[in-house]
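See structure below.
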Protein chains: 2
Amino acid sequence: MLIVQKYGGTSVGSLERIENVAKRVAKAREEGNDLVVVVSAMSGETNKLIDYAHHFSKTPSKREMDILLSSGERVTASLLAIALQEMGYDAIAMTGRQAGIKTDGTHTYARIESIDTSAIEERIKEGKIVIVAGFQGINEKGEVTTLGRGGSDLSAVALAGALHADACEIYSDVDGIYTTDPRIEPKAKKLDYISYDEMLELSSLGAKVLQNRSVELAKKMGVKIIAKSSFSDGPGTIIAEENEAMEAVLVSGIALDKNQARVSLRDVEDRPGIAAEIFNRLADEQINVDMIIQNASKEGKTNLGFTVPQSELEAAKKVIGSFEKDFGEADYDENVCKVSIVGVGMKSHSGIAAKAFSAMAENNINIEMISTSEIKISMIVDEKYGELAVRVLHETYELDK
Amino acid sequence: MLIVQKYGGTSVGSLERIENVAKRVAKAREEGNDLVVVVSAMSGETNKLIDYAHHFSKTPSKREMDILLSSGERVTASLLAIALQEMGYDAIAMTGRQAGIKTDGTHTYARIESIDTSAIEERIKEGKIVIVAGFQGINEKGEVTTLGRGGSDLSAVALAGALHADACEIYSDVDGIYTTDPRIEPKAKKLDYISYDEMLELSSLGAKVLQNRSVELAKKMGVKIIAKSSFSDGPGTIIAEENEAMEAVLVSGIALDKNQARVSLRDVEDRPGIAAEIFNRLADEQINVDMIIQNASKEGKTNLGFTVPQSELEAAKKVIGSFEKDFGEADYDENVCKVSIVGVGMKSHSGIAAKAFSAMAENNINIEMISTSEIKISMIVDEKYGELAVRVLHETYELDK
């Protein structure tokens, strides 16, 4: 099997941990696999370099930031290769450039455009374990680019896709994706499988494991991801295309997003384009709108509700203020949160939403807004009931079983 | 003027010092110069990375070491560029690859083979200050190579030569080359000028400023070096082709090498090739022979003397032991040192050596071995007289005047 492994900053956060990673790589090698190993910078290194740059400038040039930041992964890659060589394995370190990773020209947040895998494939044929510095590539001018936060995951997924690897193992300090945050519900269970779409909807649960950009890329390229811990030996969670086993499960997980503020506009003039105008103005102000709901019109008026991050509520109020002639009354609540139920099984099963609403009612949790998609039901509730709602729903769908 | 500046590890050893360097670069810019600035890694960084590698292996792979070690200079180059940009100057950081530095394939101790200056020249034409990560290049396979200790000096000199720069300013924490080590003779004076050849012969005096490899390259390419301190504003020492002013000076400096042991072989069989055999065997054992003298033969026998580093004397004794049939008696002295008088003026002046021998005799310092070249007189004396000899000679040639 050809396996791409990726070890995050915490997993390579010290020389001892790099040694531990070398042992894991060696074990996978002894099991007969071809291996491409993508590494992040040692934890803290990237932030240290950012702090250095900010000593000189609040807005350092992105081109220079890329030369600066790409150095951290190069250090880890060469150290891991040296560690493996010392253990008797034929390993080779490659920079993003040497690994053939071509990106667009956007410094500090580049997109991978293509990968020329010939150099890596040649090394694999020679029997080598290939260690790749993650997070980096080169643009068409041959200049170093970096891929933004979580960029090493992107490197790994893109390499796995381009090399048609059998799996892409993403190692971090957590052992997989859970049905909900174990700090809120200690009965939360690790999932064996989750679909790409569920993972995307549950991003807050998986944030420490894998960012949405990587999941989207994996979905697009059909890369099977296995999220594992580098500190234990569990099987992890497989993130893949949904299959029958996944569909048989009604609900995969419950997510809680506490960073939400609600905006409700009553009696909005129901003329075409008014919603578009409001949301365009919010976008212009860099305000990230999350949930949007609009009730059916009544006497030429409509109610419009949406949520924004709490830190952006004040800015949103200003924008809304400039539309005051277009609606009757605005109501703001910055103490709300979003509880989401996610599961591909919802597609083929009815009654799941009703069950959630009943459970909330039984526990006297008032639902302020509801939004549903094919595989997700999201509810806005008072912030103080957020964690209770998670526990209630976790039990309702028997996720601890 | 086009000036290449190079700042060593101590000069960029902290964020504050990088800021100080940025101010120096800006000043040179305001004086109307085009600038290419070569930087080392922040002091301590390279050693830290070497320690990291040695945690995993006593003999880490050189290819991987180059990826590892080249990262330090990239950090400094990008930080200095960011600092200059923030001050309003148009600066750009370039890696060794981007600067067009092509080397041979020898990892960790590569030789610069050629420099494609087109990218740098284009940036200069655009009005940019070009900051180059020193110590590194790429080989013909496109892999990162490093140039060994003092490699950033080599980068700077080679760039100055290839760009036909008007001068190559090498900044460190000392303000130039002195007539002798000021710790031995407090009256030592900073030299305004010194020739390449004198500098090569006085390498122990200039070791903290510039290594011989860089001086040789500067001589070969005709690059005028100015050794300066980045912590003060003195004019430094100019290292260039000898000229009339230099030749008018009899002696430029006095050097002391304490790390010497003497080997004397008496009554060596005077058959052809015997000396070659002995020195080949010493070379095979990686023993560095420094001074060699052979007296004229007498009755078919000759006396052969040479010096080696003190730490290699035991190994040398073993080699000599295997030749015991070929000579009468061996005499070793590990407590000797070498005092050297250097000056291009010797070429055209006689009596300089005699003056030295008289001065030594007046002070009862016995000379065990003498070796002379066109611009240097070296004497081996008892180690305990080494510093006295330096002071005596410094005064004899009036170097404090």
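The values are calculated or read from the model by the stated rules, or taken from the named source; none is laboratory data. Just so we're clear, the structure is a prediction, and the values are computed from it rather than from any experiment. Here the Cβ is made from the backbone with ideal geometry for all residues, glycine too, and neighbour counts use every protein chain on show.
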| field | Some residue of the stretch A:44-53 being of a type in the set (A, V, I, L, M), crowded, with 22+ Cβ neighbours inside 10 Å, touching a strand residue (DSSP E or B) at 6+ places or on another chain (Cβ under 6 Å) and at pLDDT 95 or above | value | no
| Do you know which residues across the stretch A:178-199 are among the basic types (Lys, Arg) and assigned to a strand (DSSP E or B)? | A:Lys190
| request: Can you work out which of the residues in the stretch B:80-115 that are facing chain A (nearest Cβ under 7 Å) and within 28 Å of the chain's Cα centre (by Cα) is farthest from B:Glu140 (Cα to Cα)? | output: B:Ala93
| said: When the residues of the stretch A:11-47 are narrowed to those that are among the charged types (D, E, K, R) and closer than 23 Å to A:Arg97 by Cβ, which ends up nearest to the other protein chains (Cβ to nearest Cβ)? | reply: A:Glu45
| request: Name, by its number, the condition in (1) surrounded by fewer than 16 Cβ atoms within 10 Å (Cβ to Cβ); (2) farther than 20 Å from B:Gly345 by Cα that does not hold for B:Asp173. | output: (1)
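Can you tell me which residue is surrounded by the most Cβ atoms within 10 Å (Cβ to Cβ) among those in the stretch A:55-64 that are under 28 Å from the mean Cα position of the chain (by Cα) and facing another protein chain (nearest Cβ under 9 Å)?
My answer is A:Glu64.
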| Condition met for A:Glu121 (touching a Leu at 6+ places or on another chain (Cβ under 8 Å), surrounded by fewer than 21 Cβ atoms within 10 Å (Cβ to Cβ) and closer than 30 Å to B:Gly100 by Cα) | yes
| query | Is it the case that B:Ala26 is buried (at least 24 other Cβ atoms within 10 Å of the Cβ) and small (Gly, Ala, Ser)? | reply | no
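Looking for whichever is within 30 Å of B:Ile177 (Cα to Cα), hydrophobic (A, V, I, L, M, F, W, C), surrounded by 18 or more Cβ atoms within 10 Å (Cβ to Cβ) and in contact with a Cys (Cβ under 9 Å, 6 or more places away or on another chain) here; the options are B:Leu250, B:Leu256. Which one fits?
B:Leu256
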| query | In this structure, is B:Thr146 at the interface with chain A (Cβ under 10 Å from one of its Cβ atoms), touching a residue at least 12 places away in the same chain (Cβ under 8 Å) and hydroxyl-bearing (Ser, Thr, Tyr)? | reply | no
| message | When you scan the stretch B:19-38, do you find a residue that is farther than 29 Å from A:Thr59 by Cβ and of a type in the set (Val, Ile, Thr), even just one? | response | no
| Of the criteria (1) surrounded by fewer than 19 Cβ atoms within 10 Å (Cβ to Cβ); (2) closer than 26 Å to B:Gly105 by Cα, which one B:Gly9 fails | (1)
| task | Just need a number here: residues in the stretch B:377-401 that are in a helix (DSSP H, G or I) and within 24 Å of the chain's Cα centre (by Cα). | result | 8
| Verdict on B:Ile67 being more than 12 Å from chain A (Cβ to nearest Cβ), part of a helix (DSSP H, G or I) and not aromatic (Phe, Trp, Tyr) | no
| message | Can you say whether B:Leu2 is away from every other protein chain (no Cβ under 14 Å), surrounded by fewer than 19 Cβ atoms within 10 Å (Cβ to Cβ), in contact (Cβ under 8 Å) with a residue 24 or more places away in the chain and not small (Gly, Ala, Ser), as far as the supplied structure shows? | response | yes
| Restricting the search to the stretch B:205-243, which residues are within 11 Å of B:Ile177 (Cβ to Cβ) and touching a Leu at 6+ places or on another chain (Cβ under 8 Å)? | B:Val215, B:Ile225, B:Ala227, B:Thr237, B:Ile239
| In the stretch B:126-166, the residues that are at positive phi and touching a Gly at 6+ places or on another chain (Cβ under 6 Å) | B:Phe135
| message | Take B:Ile320 and tell me if it is buried (at least 16 other Cβ atoms within 10 Å of the Cβ), touching a helix residue (DSSP H, G or I) at 6+ places or on another chain (Cβ under 9 Å) and part of a loop (DSSP other than H, G, I, E, B). | response | no
| task | Go through the stretch B:70-79 and give me each residue that's within 16 Å of A:Ala93 (Cβ to Cβ) and either at the interface with another protein chain (Cβ under 7 Å from one of its Cβ atoms) or over 25 Å from the mean Cα position of the chain (by Cα) (or both). | result | B:Ser71, B:Arg74
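Matching residues to (1) part of a strand (DSSP E or B); (2) in contact (Cβ under 8 Å) with a residue 24 or more places away in the chain; (3) surrounded by fewer than 16 Cβ atoms within 10 Å (Cβ to Cβ):
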| position | (1), (2), (3) |
| --- | --- |
| B:Asn288 | no, yes, yes |
| B:Ala296 | no, no, yes |
| B:Asn303 | yes, yes, no |
| B:Glu314 | no, no, yes |
| B:Lys325 | no, no, yes |
| B:Asp331 | yes, yes, yes |
| B:Val336 | yes, yes, no |
| B:Val339 | yes, yes, no |
| B:Gly345 | no, yes, no |
| task | Identify the single condition in (1) in contact with a helix residue (DSSP H, G or I) (Cβ under 8 Å, 6 or more places away or on another chain); (2) closer than 22 Å to B:Ile124 by Cβ; (3) without any contact (Cβ under 8 Å) to a residue 24 or more places away in the chain; (4) not β-branched (Val, Ile, Thr) that B:Phe56 does not satisfy, given that it satisfies every other one. | result | (2)
